[in-house]
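Right, one structure below, let's go through it.
Read the figures in this text as sums done on the coordinates, not as results from a lab. The shown structure was predicted, so the numbers you read here are calculated from the model rather than taken from an experiment. Cβ atoms come from the backbone with ideal geometry, glycine included; neighbour counts cover every protein chain shown.
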Number of protein chains: 2
Amino acid sequence: MIVVLAGGVGAAKFLQGLTRVVRDEELVIVANIGDDVEFFGLHISPDLDTLMYALAGLVDEEKGWGLRGDSFNFLQMIEDYGYEAWFRVGDKDLATHILRTHLLQGGYSLSEVTRKFCNDLQVRQVILPVTDDSVRTRVETDDGLLDFQEYFVKRRFEANVRNILFEGSESARPNPEVLEAIGRSRGIIFAPSNPIVSIGCILSIRGVREALKESEVRKVAITPLIAGKPVRGPADRMMRGLGMESSAFGVAVVYRGLIDSLIIDEQDSNLKDRIEGLGIQAVTTNTLMTTLESKIMLAEIALKALKG
Amino acid sequence: MIVVLAGGVGAAKFLQGLTRVVRDEELVIVANIGDDVEFFGLHISPDLDTLMYALAGLVDEEKGWGLRGDSFNFLQMIEDYGYEAWFRVGDKDLATHILRTHLLQGGYSLSEVTRKFCNDLQVRQVILPVTDDSVRTRVETDDGLLDFQEYFVKRRFEANVRNILFEGSESARPNPEVLEAIGRSRGIIFAPSNPIVSIGCILSIRGVREALKESEVRKVAITPLIAGKPVRGPADRMMRGLGMESSAFGVAVVYRGLIDSLIIDEQDSNLKDRIEGLGIQAVTTNTLMTTLESKIMLAEIALKALKG
């Protein structure tokens, strides 16, 4: 069984390939919940939704998140009520948020709700929130301390980043199924997600980080940075803000001691020696996932790297 | 100042006429909240919404409720999640329910939320929920005790009615602004709404019924029944279920002691003498509101009857 540590859009694309080459029951996806946000009282789990919609075949492929063919009439009316509709929530998408909020308020855990949703939408792989407790990624910027979505969506990650906090991670209990999956796995993949906030939040949960360190199976990460830039999102800005090198080498530094191999882009082959100097095998390939074929190819490279 | 006791669709149509002939600041609308329903954790106030949308010029004129040009993608997705989408909630409409629920959970009262919404949507008249406390209209039927919306929408009012309960009305405190408006009014109109559940719920709030009885201004009701049938809804079935005559005369019996005049349809002129035998003046006119003109005409008849 293979465990994939996953953020949102990048991980979802990678999983669209991986699920073509790994049997459904051999895959456990551990999802980041640090980006979860309350929007007018609704509990939104952007990464869980993106993963779920992608694996259900319902995702808006162009954006990489949200539901294909969704409408945005709710948001328009929210603006008519004089509010800023800064978080992009579709009308169909609202069903997920309203049901999740209702079920959570009814006493169900986030993992129970996720299991139910995956079942309803015919997702055949297991998606596990890393914890059922609340952990919130907060971004300390020159403009003050911001919730992740406020930093990311509302302010389009323009504020200069000084520090990242995972509020609640100290006391958050890891999802027991996550620990069990890591214990039983024959390989662990760090998806091409933001290493600071997405994978970073997963690693901030004490028991999870320890379980990964204790596990003796091979661990392979895929860098989300190509020539120093992410395909989407603020990974490079965050890394620079934290005084890191915003490159595949910087990603290797973040994951040092946790992974055996790092898959980097062909464009970054000049970083191979520096990465291997950290004791991490560097595998070069095309990491840009534009077609299903490129996603499958990247998945196959990751599986090969898992074998060593 | 004129106070109108109002249910949903029938009252909204009547008010579309009345607001053309009465100045905005001279009108206070007291709304039924007994039909309010929780739908996946969202607090929905169907009558408040219908009145607000109608007076904002946003109502779906064909249905008489909901927002014009709304979409129903949320409900479609709710069904994809395996739930029964029995309550018709539009995508734009959801903004109202989500915001209301969020504001109520944040400690605002239903009247405060209603005032804010009316302001946002540029409704120039005052709409007051009859109480900020919870009162729930429940229908005792041959199939058991049903919430009003369950009886009305889900089961299409097919179940035989035995009794009507207004749960919480004993302890509900009337909205102080309602009592003040009744005290200051120069006339009170009972809109052409269901006398049993819509106006009935308003009258079930102890202080409100007493304030109406104490008020010495003229009170005029408009029957929602034409030739024994309502234009919409279960008024006739409910009245028969409760052992009443389902006619304008039956409506007069319900309102006996509370009103001075009852406006009935021309088709029911044969009931005039029986109604007047109850000590209620009967005014006959065309009560079917199909055009703006017919709504204005009915409003003018009601204003005339208020003068006695």
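Copy B relates to copy A by a rotation, and the B residue whose beta-carbon is nearest that axis, with the distance in whole angstrom, is B:D91, 2.
In order along the stretch B:253-269, the Karplus-derived 3J(HN,Hα) couplings, from 6.51 cos²θ - 1.76 cosθ + 1.60 at θ = phi - 60°, round to 4, 4, 8, 3, x, 10, 10, 9, 10, 10, 8, 10, 7, 3, 5, 9, 4 Hz, and Gly and Pro are given as x. Annotation: amide H-H contacts under 5 Å for B:V4 (H modelled 1.01 Å from N, sequence separation of 5 or more, or interchain): B:V28, B:I29, B:V30, B:I189. Taking a 26 Å limit on the Cα-Cα distance, which of the listed pairs B:K213/B:K272; A:K63/B:K154; A:K63/A:K219; A:K92/A:K116; B:K213/B:K307 fall beyond it? The pairs that break the limit, which is 26 Å between Cα atoms, are A:K63/B:K154; A:K63/A:K219. Helix-only arithmetic for chain A: the sum of -39500 (n - 2.57) across DSSP H runs with n ≥ 4, divided by the residue total, places the mean residue ellipticity at 222 nm at -11000 deg cm²/dmol.
The angle between the Cα long axis of helix A:93-105 and the longest principal axis of the Cα atoms of chain A comes to about 90 degrees, rounded to the nearest 10. Here's how it looks for B:F39: its modeled amide H is under 5 Å from those of B:I44, which are all 5 or more places away or on a different chain. When each of B:C118, A:C201 is scored by the number of other beta-carbon atoms lying within 10 Å, the sequence from fewest to most is B:C118, A:C201. Please state the shape class of the stretch A:197-308: rounded when a/c is under 1.5, otherwise prolate if a/b exceeds b/c and oblate if not, all from the C-alpha gyration tensor. Here the stretch A:197-308 falls in the rounded category. Put in line by how crowded their Cβ is, counting other Cβ atoms within 10 Å and starting with the fewest, B:T287, A:T141 read A:T141, B:T287.
Per-residue Karplus couplings for the stretch B:175-189, computed as 6.51 cos²θ - 1.76 cosθ + 1.60 with θ equal to phi - 60°, are listed in order as 4, x, 5, 5, 5, 5, 5, 4, x, 8, 6, 9, x, 10, 10 Hz, Gly and Pro entered as x. What separates the B:R206 label point from its copies, with the point 7 Å along Cα to Cβ, is 5.5 nm, written shortest first. Normalising the average separation of contacting C-alpha pairs (under 8 angstrom, six or more residues apart) by the number of residues puts the relative contact order of chain A at 20 percent.
The loop-placed GluC sites (Glu not before Pro) in the stretch B:1-69, going by DSSP, that have at most 16 neighbouring Cβ atoms within 10 Å of their Cβ come out as B:E61, B:E62. Partners of A:K229 within straight-line reach, counting aspartates and glutamates whose Cα lies under 12 Å from its Cα and excluding those fewer than 8 residues away in the same chain: A:E245, A:D265, A:D268. A dipole drawn for the stretch B:1-120 from +1 and -1 charges on Cβ atoms has a positive end, and of B:I78, B:L27, B:Q16 the residue lying farthest that way is B:L27. Within 10 Å of the Cβ of each residue in A:84-93, the mean number of Cβ atoms contributed by other protein chains is 3. Of the GluC sites (Glu not before Pro) found in the stretch B:172-248, those in coil by DSSP whose Cβ has at most 10 other Cβ atoms within 10 Å are B:E216.
Under 5 Å from the amide H of A:S71 lie the amide H atoms of A:D91, A:K92, each residue being 5 or more positions distant or on a separate chain, with H modelled from the backbone and absent for Pro and chain starts.
With a 10 Å cut-off around each Cβ of B:60-71, the average count of Cβ atoms from other chains is 1. Residues in the stretch B:275-281 carry Karplus couplings, in order, of 5, 5, x, 8, x, 10, 5 Hz; the curve used is 6.51 cos²θ - 1.76 cosθ + 1.60 with θ = phi - 60°, and Gly or Pro positions show x. Look at the stretch A:108-121: the mean tally of other chain Cβ atoms within 10 Å of its residues' Cβ atoms is 1.
Under the convention that each Lys and Arg Cβ holds +1 and each Asp and Glu Cβ holds -1, the size of the dipole of the protein assembly as shown around its Cα centre is about 100 debye. Full extension of the chain segment joining A:E170 with A:Y83 gains 27.9 nm, where the gain is 0.36 nm per residue of separation less the Cα-Cα distance. Shortest first, A:E177 label-point distances to identical copies amount to 4.8 nm, with the label point at 7 Å from Cα along Cα→Cβ. Sparsely packed loop sites in the stretch A:1-44 (the trypsin sites (Lys or Arg not before Pro) outside DSSP H, G, I, E and B with at most 14 other Cβ atoms within 10 Å) comprise A:R23.
Near A:E300, once Lys and Arg are set to +1 and Asp and Glu to -1 for all other residues with Cβ below 12 Å from its Cβ, the sum equals +3. Positive end of the dipole of the stretch B:172-308 (Cβ unit charges, origin at the Cα centre): among B:M244, B:Y255, B:S198, the Cα lying farthest that way belongs to B:S198.
This ranking places A:S294, B:S193, A:S269 by how few other beta-carbon atoms lie within 10 Å of each, fewest first, which gives A:S269, A:S294, B:S193. Working from Cα positions, state the angle (0 to 90°, nearest 10) between the long axis of helix A:292-307 and the longest principal axis of chain A. For helix A:292-307, the angle is close to 50 degrees.
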